[in-house]
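Before any comments, here is the structure.
The values are calculated or read from the model by the stated rules, or taken from the named source; none is laboratory data. On a predicted model such as this, the values are computed, not experimentally measured, just so you know. Cβ sites come from the backbone with ideal geometry, for glycine too, and all protein chains shown count toward neighbours. Ligands, DNA and RNA are excluded from the accessible area calculation, which covers all protein heavy atoms including side chains. Shrake-Rupley method; radii C 1.70, N 1.55, O 1.52, S 1.80 Å.
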There are 2 protein chains.
Amino acid sequence: MKETAASILSSLADQGFRMTKLRKAIAGIFASNCLPLSADELMGLLRSGETAFNRATVYREIAFLKEQGVIQEIQFLHERVKRYELASLDHHHHLVCLRCNRVEDIVLENDLVEQEKSILKSKGFKVTNHMLEFHGICRGCL
Amino acid sequence: MKETAASILSSLADQGFRMTKLRKAIAGIFASNCLPLSADELMGLLRSGETAFNRATVYREIAFLKEQGVIQEIQFLHERVKRYELASLDHHHHLVCLRCNRVEDIVLENDLVEQEKSILKSKGFKVTNHMLEFHGICRGCL
DNA sequence: CAGTTTAATGCAACTAAGTTGCGTTTGTCA
DNA sequence: TGACAAACGCAACTTAGTTGCATTAAACTG
């Protein structure tokens, strides 16, 4: 399910939210960037467009898109910044190279749904989300 | 393998590092605290002791203990702070309750070693570490 | 198309979490 | 006991993100 900038914007518009320059620009960036972006990287990409946007506004737009379930937050272990990617991507995890910092998506064979069910049974803990990142050395850096 | 403050300190001393007040206090805290502590929580616990320690020094000691492999860093998705726990604990993951923030340790039945092997084969990526946290609602909050 | 409304914006000041430079203290060993 | 480097305290700084408030601009209304 590859989401486009237009489909993101129209689903927001359906809910009565405005279609602003910034929102259009950010939707375009997320729709064409499959790797998780930090707020700073996002601002860099925005800066290369025509309009300049304020830092606070960009952070507020990120918070808004997260709240609306358009993007999801990711936190890598070795980093201090939060990252964001489209929430509509197929469920996957990340391989993070500690040498070159490159991030690769990975879809696991046996996902963690079974694990989560057994956690509910054994611990009474209802898992709503999980976060799994592999850290190591990528093919190019080995 | 339950590590004691004394065993941590003596293994550091063997390598020629000093046995300072702060180091002793922190080793004691980690040895008797099985849940991951933030720098700030650690400083709170230290403050309840007799000597006052400086923030910068505590951060430097954390960096040192991490470097020496005594403690390991953990990052929860919903938090901004880094947390630390003894690296010698048996391999486990965490259940983080989004309501009460309580953290529970969990040992998974089938760990991710097989997964990591298959990642090496299929992607040429050598996993050295992974990070898996489950987020949800705990028994008490359900 | 002008007027109105309120979401969205920009600015500046602030906070949290951690880092750095540098001069001083202290644990350890000769 | 003296020397020396590891460890320390202080203050100033950085990074990443947040907040209050006054202003602007989408989008609807007549």
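Things worth noting here:
- Dipole magnitude for chain B: computed about the Cα centre from +1 point charges on Lys and Arg Cβ and -1 point charges on Asp and Glu Cβ, it is near 420 debye.
- Here the accessible area is traced with a 1.4 Å probe on the protein chains. For chain B, carbon and sulfur cover 51 percent of it.
- For A:Leu9, net neighbour charge (Lys/Arg +1, Asp/Glu -1) across residues whose Cβ lies under 14 Å away: +1
- Heavy-atom accessible area ranking, 1.4 Å probe, most first, across B:Lys66, B:Lys82: B:Lys66, B:Lys82
- Both radii come from the Cα set of the protein assembly as shown: Rg as radius of gyration, Rh as Kirkwood radius; their ratio Rg/Rh reads 1.01.
- Computed over protein heavy atoms with a 1.4 Å probe, the accessible surface of chain B works out to 56 Å² per residue.
- Interface of A with B. Using a 1.4 Å probe and counting protein heavy atoms only, the two chains hide about 3500 Å² of accessible surface, both sides summed.
- Only protein heavy atoms count here; under a 1.4 Å probe, A:Ile74 has an accessible surface of about 10 Å².
- Summed residue charge, Cβ within 10 Å of B:Leu132's Cβ, Lys/Arg positive, Asp/Glu negative: -3
- Shown is the FRET efficiency for A:Arg102 and A:Lys2, computed with R0 = 30 Å from the Cβ-Cβ distance and rounded to the nearest 0.05: 0.85.
- Local electrostatic count, A:Leu89, Cβ distance below 9 Å [Lys/Arg +1, Asp/Glu -1]: -3
- The stretch B:1-71-the stretch B:116-142 distance, computed between alpha-carbon centres (Å): 28
- Rounded accessible area of A:Arg139 (nearest 10 Å², 1.4 Å probe): 150
- Sorted into 10 angstrom bins from 0, the C-alpha pair distances of the stretch B:4-114 split as 12, 44, 32, 11, 1 percent.
- Relative contact order (%) - criterion: Cα under 8 Å, at least six apart; region: chain B: 20
- Pseudo-label separations to other copies for B:Glu67 - Cα-to-Cβ vector, 7 Å, nm: 4.3
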